[in-house]
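Derivation of every value follows stated rules applied to the coordinates shown; laboratory data play no part. It should be emphasised that the depicted structure is a prediction, and the values quoted were computed from it without experimental measurement. Here the Cβ is made from the backbone with ideal geometry for all residues, glycine too, and neighbour counts use every protein chain on show.
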Number of protein chains: 2
Amino acid sequence: MIKYAILGLLHYTEMHGYRIKEHIERNFGHMWSINYGQIYPNLKKLHDDRLITMKEVVVNGEKGPPRKLYSITDKGREEFLDWLNTSPEKPMLLRDPFLMRFVFFGFGDGKRAIEIIDEQISRYQKELARRKKNLTRWEKSGIYVRLIADLGASLNEMVLEWLKRSKKEILKNAAEK
Amino acid sequence: MIKYAILGLLHYTEMHGYRIKEHIERNFGHMWSINYGQIYPNLKKLHDDRLITMKEVVVNGEKGPPRKLYSITDKGREEFLDWLNTSPEKPMLLRDPFLMRFVFFGFGDGKRAIEIIDEQISRYQKELARRKKNLTRWEKSGIYVRLIADLGASLNEMVLEWLKRSKKEILKNAAEK
DNA sequence: CTTTATATATATATAAAGTATATAATATGT
DNA sequence: ACATATTATATACTTTATATATATATAAAG
């Protein structure tokens, strides 16, 4: 799927690997992260498959080694649009190290569980503040990107409320015993 | 992380691979799925590392080849609890093939986008109905498991509302042009 | 004016997660 | 007797994710 994320970005404009990472983190970094170890091998494969082309450029006054600018080809555009029109294969996947622990908190120390929940609450509070502040930034990026940003903020808010409610219930439950 | 999911389940009771998959899909299948290709290699590794023990049993009157019953060892219990007490490394990851397409819908055919959103709406409606019906089933499984089930249903409901709202906004937006 | 730190940029090795498929044993229906 | 479904394990392969190495240029510190 990373393949299509890259093709989608190159659909906007030509880019090099480093810039692609920046964009992904800035744009849909609400919900995921990406890694150079995923980007460069994918770029290589896309290039081998003739879905993108590459030109090496040195930009005067800019830091770092020469950049490899990739552009999407007609073949790439075609394959990207084919993918865009197919129905998504699988439903949402939520693999979260916190939730994973949460289901098993009954086996561990209740006090430590509350501590971890508190950490999570402050993490989500910071994140929500950051998102709400940035919501306006997406207004001009088109309706779909804006709606995704809305979803990100709503999800964040919902989970935060759930965390607070859970903490209360767990404490109440512990007090009753 | 699958390693710890398996250890967590074996913390309840001894199990064989096939049963582990059943349990994972039944218990936290709200949000993920798991695969034999992930379970058996993990069981092998856990056994090599002496975190679980194995005994092969043939249950009379039951179908299939002999089962390999795995139990958690003291060493396994220790490592599991250590993990449970550590702070979760990374925040929630949301890698969804639908959302992935959604951000790029601006590049594609608007009518097809609405079709895919409709598919998604009916998918989420069915799923939400199933979840709400099952919510009571978790009541007896302890507070943490119940709270996770609540979160699953809430997330489902929220995304469904977002899908409906998005559809309206997209149609309105298209009509204005 | 040199060394150190920092930002930019690419690349690769390894590990973990996920998909697809093969194999085997037994119960059950026809 | 034979096809079919269910239970169960196993492995090959692909994709995703982490960790780390390398190179270049600017900026800052001493």
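What are the distances, in nm and sorted shortest first, from the label point of A:Val58 to the label points of the same position in each other copy, with each label point placed 7 Å from Cα along the Cα-to-Cβ direction?
Reported distances to equivalent positions: 7.5 nm.
Can you sort A:Arg137, B:Arg131 by how many other beta carbons sit within 10 Å, fewest first? Can you show the working numbers first?
On the way: A:Arg137 12, B:Arg131 18.
In increasing order of surrounding Cβ atoms, one gets A:Arg137, B:Arg131.
Give, to the nearest whole percent, the P(r) tail of the stretch A:22-176 beyond 20 angstrom, counting all Cα pairs. Don't skip to the answer; put the middle values down first.
Working: 8160 of 11935 pairs.
Cα-Cα pairs in the stretch A:22-176 separated by more than 20 Å: 68 percent.
By a straight-distance test (C-alpha under 14 Å), which aspartates and glutamates pair with B:Lys68 as possible cross-link partners, with residues fewer than eight away in the same chain excluded?
Qualifying aspartates and glutamates at Cα under 14 Å: B:Glu14, B:Glu56.
Packing-wise, with mean Cβ within 10 Å as the measure, how do A:168-175, B:122-129, B:102-109 rank, highest first? Numbers along the way, then the final one.
Numbers: A:168-175: 12.5, B:122-129: 14.8, B:102-109: 19.1.
Ranked by mean Cβ neighbours within 10 Å, highest first: B:102-109, B:122-129, A:168-175.
Between chain A and chain B, with a rotation axis joining them, whose C-beta in A is nearest that axis, and what is the whole-Å distance?
Checking which Cβ lies nearest the axis yields A:Met158, 3.
State, to one decimal in nm, how far the label point of A:Asp74 lies from the label point of A:Lys55, with both points 7 Å from Cα in the Cβ direction.
With each label point 7 Å from Cα toward Cβ, the separation is 1.8 nm.
May I ask you to list the lysines whose Cα is less than 28 Å away from that of B:Lys177, ignoring any residue fewer than eight positions away on the same chain?
A:Lys140, B:Lys111, B:Lys164, B:Lys167, B:Lys168
What distance in nm separates the two pseudo spin-label positions at B:Glu62 and A:Arg112, each 7 Å out from Cα along the beta-carbon direction?
3.2
Return the sequence-ordered ³J(HN,Hα) values of the stretch A:58-74 in whole Hz as given by the Karplus equation 6.51 cos²θ - 1.76 cosθ + 1.60 applied to θ = phi - 60°, using x for Gly and Pro.
10, 9, 4, x, 9, 6, x, x, x, 8, 10, 7, 10, 10, 7, 9, 4
Count neighbours as other Cβ atoms within 10 Å of each site's Cβ, and list the GluC sites (Glu not before Pro) in the stretch A:61-92 that are DSSP loop with at most 10 such neighbours. Can you show the working numbers first?
Details: sites: A:Glu62, A:Glu78, A:Glu79, A:Glu89; in loops: A:Glu62, A:Glu89.
Sites meeting the loop and neighbour criteria: A:Glu62, A:Glu89.
What average count of beta carbons from other chains do you get within 10 Å of the Cβ of residues in B:27-38? Write out the running numbers ahead of the final one.
On the way: counts 1, 6, 0, 2, 8, 7, 3, 0, 0, 0, 0, 0.
Mean number of neighbouring Cβ atoms from other chains: 2.
Taking H as built 1.01 Å from N, whose amide H comes closer than 5 Å to the amide H of B:Thr73, not counting residues under 5 places away?
B:Ile52, B:Thr53
So which residue, out of B:Ser87, B:Ser154, B:Ser166, gets the largest mean-square fluctuation from a GNM of chain B using Cα contacts under 10 Å as springs?
Fluctuation is largest for B:Ser87.
Among the aspartates and glutamates, which fall within straight-line cross-link reach of A:Lys172, defined as a Cα-Cα distance under 19 Å, with same-chain neighbours fewer than 8 residues apart omitted?
A:Asp109, A:Glu115, A:Asp118, A:Glu161, B:Glu139, B:Asp150
Using the 7 Å Cα-to-Cβ label point, sort the distances from B:Glu157 to its equivalents in the other copies shortest first and give them in nm to one decimal.
Inter-copy label distances (nm, one decimal, shortest first): 1.5.
If you count, for every residue in A:80-89, the Cβ atoms of partner chains within 10 Å of its Cβ, what is the mean? All intermediate terms of the calculation are to be shown ahead of the outcome.
Details: counts 3, 5, 1, 5, 12, 7, 4, 9, 11, 2.
What the average comes to for A:80-89 is 6.
Measuring label to label, 7 Å along Cα→Cβ, what does B:Lys132 give against each other copy in nm, shortest first?
In nanometres, ordered from closest: 2.9.
Rounded to the nearest 20 debye, what is the charge dipole size of the stretch A:2-85 about its Cα centre when +1 sits on each Lys and Arg Cβ and -1 on each Asp and Glu Cβ?
Values: 13 positive and 11 negative charges, 51 e Å.
Its charge dipole is roughly 240 debye.
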